[in-house]
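*Asks:* Take this structure, written in structure tokens, and hold onto it; I'll ask about it next.
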Amino acid sequence: MLATDIETQAVLRTKNLHVYYGSNLAVRDVSLDIPEKQVVAFIGPSGCGKSTVLRCFNRMNDLIKSARIEGKVTYRGKDIYATGLDPVGLRSRIGMVFQKPNPFPKSIYENIAFGARLNGYKGNMDELVESSLKRAVIWDDVKDKLQQNGQALSGGQQQRLCIARAISIQPEVLLMDEPCAALDPISTLKIEELMHDLKKQYTIVIVTHNMQQASRVSDYTAFYNAEPTPKGGKVGYLVEYDRTEKIFQDPAQEATRDYVAGRFG
């Protein structure tokens with residue numbers, strides 16, 4: 001499960017992670033390391049726990065009252081579920097981009113500035129807004145309409161605005177939960193190109209149902225599957241985790257081989 005070259009440079013690490021919703025076990029026994037400044041893709045059929053594990057990395061599951069975890073999740077060696085750890089502070093280091101673009105109902109400028117202000121940014125706000133939009137490759141599209149409502153942009157532009165908003169608070173890690181699911185092919189390509197550029201500065205973990213996208217954008221791929229429970233539900237688990245070319249060209253597990261070949265899922 002853990003490639004030896006990942007272990008010494010892991011930014012995020014899970015060890016024997018179990019996630020429950022109430023009494024129902026949703027994901028069992030996930031152990032993996034996320035390497036620094038690489039793109040890691042989570043793939044697998046619906047209901048196998050990809051997004052659940054992703055949300056554990058910045059404690060978004062805390063927002064679901066019935067959710068709880070067993071095992072350990074660490075960020076740079078520190079237990080992120082330790083008593084007293086501030087999840088808001090954690091999320092300033094580990095940002096998230098959701099499946100559906102969700103710009104604030106504010107101007108493009110304020111979409112970037114708002115979070116920075118909340119996080120106590122004291123620098124030149126104009127420069128921060130411009131640099132964030134440039135890094136998200138949307139500056140040329142919006143530089144003459146910064147006071148326009150961000151929700152008036154196209155879907156692809158809104159998603160790049162949300163990425164700019166996420167990186168404006170200067171995180172180290174970006175979590176992306178199917179960021180291209182609601183986008184057209186041209187917008188999807190722009191987001192993929194952006195991910196290639198962003199990994200020079202950020203560690204990226206992406207959940208995707210698109211096999212071609214996973215093979216194009218990621219350095220490492222984790223394949224999850226699910227099995228039925230006695231109660232009629234499903235529990236997700238990690239089948240295989242390795243370099244992307246290994247997962248797609250010579251996987252160790254037959255289930256992985258079947259999935260990437262399109263024989264199930």
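Just so you know, all these numbers are worked out from the coordinates, no wet-lab data involved. What you see is a predicted model, and the numbers here were worked out from it, not measured in a lab. Please note: Cβ atoms are built from the backbone with ideal geometry, for glycine as well, and neighbour counts cover all protein chains shown.
*Asks:* Relative contact order for region 151-209: what percent, with Cα pairs under 8 Å and sequence separation of 6 or more?
*Replies:* Relative CO of region 151-209 lands at 44 percent.
*Asks:* Another question about this same structure. Given axes a ≥ b ≥ c from the Cα gyration tensor, I'd like to know whether region 113-265 is rounded (a/c under 1.5), prolate (a/b larger than b/c) or oblate.
*Replies:* Because a/c hits 1.5 or more and a/b exceeds b/c, region 113-265 counts as prolate.
*Asks:* Next question, about the same structure. Could you size up the charge dipole of region 1-124 around its Cα centre, putting +1 on the beta carbon of Lys and Arg and -1 on that of Asp and Glu, and report it in debye to the nearest 20?
*Replies:* Using Cβ point charges on Lys, Arg, Asp and Glu, region 1-124 gives about 380 debye.
*Asks:* Hey, another quick one. Which value, in debye to the nearest 20, describes the size of the charge dipole of the chain about its Cα centre when Lys and Arg Cβ atoms bear +1, Asp and Glu Cβ atoms bear -1, and nothing else is charged?
*Replies:* 720
*Asks:* Which shape class, rounded, prolate or oblate, goes with region 174-220 when its Cα gyration tensor gives a ≥ b ≥ c as root eigenvalues, a/c under 1.5 marks rounded, and past that a/b bigger than b/c marks prolate?
*Replies:* prolate
*Asks:* Please give the helix 108-118 orientation as an angle from the longest Cα principal axis of the chain, in degrees from 0 to 90, rounded to the nearest 10.
*Replies:* The answer is roughly 70 degrees.
*Asks:* Would you mind classifying region 142-221 by shape? Square roots of the alpha carbon gyration tensor eigenvalues, ordered a ≥ b ≥ c; an a/c under 1.5 is rounded, otherwise it is prolate if a/b is larger than b/c and oblate if not.
*Replies:* oblate
*Asks:* If all Cα-Cα distances of the chain are sorted into 5 Å bins from 0 onward, what percent lands in each bin, rounded to whole numbers?
*Replies:* 1, 6, 13, 17, 18, 16, 13, 9, 5, 2, 0, 0
*Asks:* Grab the alpha carbons of region 184-265, take their convex hull, and tell me the volume per residue in Å³.
*Replies:* Each residue corresponds to 118 Å³ of Cα convex hull volume.
*Asks:* With bins 5 Å wide starting at 0, give me the P(r) of region 73-149 over every alpha carbon pair, in whole percents.
*Replies:* In order of increasing distance, the bins hold 3, 12, 19, 21, 17, 11, 9, 5, 2, 0 percent.
*Asks:* Oh, and also: For region 109-162, what does the relative contact order come out to in percent, with C-alpha contacts under 8 Å and a separation of six or more?
*Replies:* That works out to 38 percent.
*Asks:* Right, here's the next one. Relative contact order of region 1-151: what whole-number percent is it, with Cα pairs under 8 angstrom and at least 6 residues apart?
*Replies:* 21 percent.
*Asks:* Can you spot the aspartates and glutamates whose alpha carbon is less than 20 Å from Lys106's alpha carbon? Ignore those fewer than 8 places along the same chain.
*Replies:* Cα-Cα hits under 20 Å: Asp126, Glu127, Glu130, Asp140, Asp141, Asp144.
*Asks:* Follow-up question, since we're still on this one. Structure shown: which of Lys65/Lys190; Lys37/Lys78; Lys15/Lys122; Lys50/Lys190; Lys50/Lys143; Lys50/Lys134 lie over 27 Å apart, alpha-carbon to alpha-carbon?
*Replies:* Lys65/Lys190; Lys15/Lys122; Lys50/Lys143; Lys50/Lys134
*Asks:* Sticking with this one: In the chain, what % of DSSP beta bridges are antiparallel (nearest 5)?
*Replies:* Antiparallel bridges make up about 60 percent of those DSSP assigns within the chain.
*Asks:* What residue among Leu63, Leu189, Leu161 shows peak mean-square fluctuation when the chain is described by a Gaussian network model with Cα springs under 10 Å?
*Replies:* Leu63
*Asks:* Here's another thing I want to ask about it. Of Ile69, Ser31, Asn102, which is farthest on the positive side of the dipole of region 1-145, counting Cα position, with +1 on Lys and Arg Cβ, -1 on Asp and Glu Cβ, and the Cα centre as origin?
*Replies:* Of the candidates, Ile69 comes out farthest on the positive side.
*Asks:* Connecting C-alpha atoms closer than 10 Å in a GNM of the chain, tell me which of Leu118, Leu25, Leu174 has the biggest fluctuation.
*Replies:* Highest fluctuation of the listed residues: Leu118.
*Asks:* Another question about this same structure. Scale the Cα Rg of region 3-136 by the rule-of-thumb value 2.2 N^0.38 Å and send over the ratio, two decimals.
*Replies:* 1.20
*Asks:* Here is a follow-up. Angle check, please: helix 155-168 long axis (alpha carbons) against the longest principal axis of the chain (alpha carbons), in degrees 0 to 90, nearest 10.
*Replies:* Roughly 90 degrees, rounded to the nearest 10.
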